[in-house]
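Student: Attaching a single structure in structure tokens format; questions to follow.
Readers should treat all values here as calculations from the given coordinates under stated rules, not as data from a laboratory. Remember, it's a predicted structure, so these values are computed and weren't measured experimentally. Neighbour counts run over all protein chains shown; Cβ positions are idealised from the backbone, glycine included.
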């Protein structure tokens, strides 16, 4: 018997003794944190859903010509993408379902939505060529997410392999916000610049260029005074000039990868992406596949992965 089971039995027995001493029937035993845990498990999925819907609304806004709203919706999806994983890890409610749901949400919010924004805002004048450029961006985003899911177990926690999909999406969003901030009106020049930029972002996503990861940053540790001052300056800029600040931050992050590569950093493939998958599954003594009993009994708990 495990320690938790023994403790639960002792707690139940103690509650029954107290109830008999008070002359009342013992109440059915319930885990005190079961309802709370279900609520905490629902929070990351809700935040992921908000990010997914933000990506959808971004596509609707891009189609209807509200490009600034479409860019802001991508930023909101970016914030949700950063929150859901941290909340899931902090509350220990990570699950394989959350991992898959987050990846599907990222395809919409950071793959399709920025591609729709880029096409409707800048690439539409060149017609079919613009559709092809935007489609390549979506394809590269999906390939980047699939590679990340395959290699996440053995990946370096301090570096990303290739430009993260949210980073590429924020770059397109930042460009659109900066274009609106400076009140520019040059469709031909915009289209000429956005074709190579969109293709370059797609190529960086599927490349092996190292990019910094902030998953290992410990917020509870003491930070240097210079870092605190820099964060305060960026916060003030974000409050005063949110459009320009989003563009500057996204540009700085996109350029950080090539900068690391020029300094000599290289990312080697530790896990092959295209490897064969076994088609047969081992069976237990009753002749059924593992997990079949859990599906028959309706078990929904899953073992949480290391990273969401």
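Student: I'd like the distance between the alpha-carbon centres of region 156-208 and region 99-123, rounded to an integer number of Å.
Tutor: 12 Å
Student: Using the number of other C-beta atoms within 10 angstrom as an exposure proxy, rank 170, 197 with the fewest first.
Tutor: In order of increasing Cβ crowding within 10 Å: 197, 170.
Student: Quick one: the Cα spread of region 38-262 along its three principal axes, in angstroms, biggest first?
Tutor: Computed over region 38-262, the largest-to-smallest principal extents equal 49, 40, 36 Å.
Student: Among 185, 84, which comes first, second and so on when ranked by fewest other beta-carbon atoms within 10 Å?
Tutor: So the ranking, lowest neighbour count to highest, is 185, 84.
Student: OK, next. So for the pair residue 239, residue 188, with labels modelled 7 Å out along Cα→Cβ, what separation do we get in nm?
Tutor: Roughly 4.4 nm, to one decimal.
Student: If R0 is 25 Å, what FRET efficiency do you get for residue 128 and residue 60 from their C-beta distance, rounded to 0.05?
Tutor: 0.65
Student: Between residue 86 and residue 231, what length comes free when the chain is fully extended (0.36 nm per residue of separation minus the Cα-Cα distance, one decimal in nm)?
Tutor: The span from residue 86 to residue 231 would gain 50.2 nm if fully extended.
Student: Here's something else I'd like to know. Between residue 251 and residue 49, with labels modelled 7 Å along Cα→Cβ, what's the label distance in nm to one decimal, could you check?
Tutor: Using points 7 Å along Cα→Cβ, the separation is 3.9 nm.
Student: For 237, 116, what ranking results if the residue with the fewest other Cβ atoms within 10 Å of its Cβ goes first?
Tutor: Lowest count first: 237, 116.
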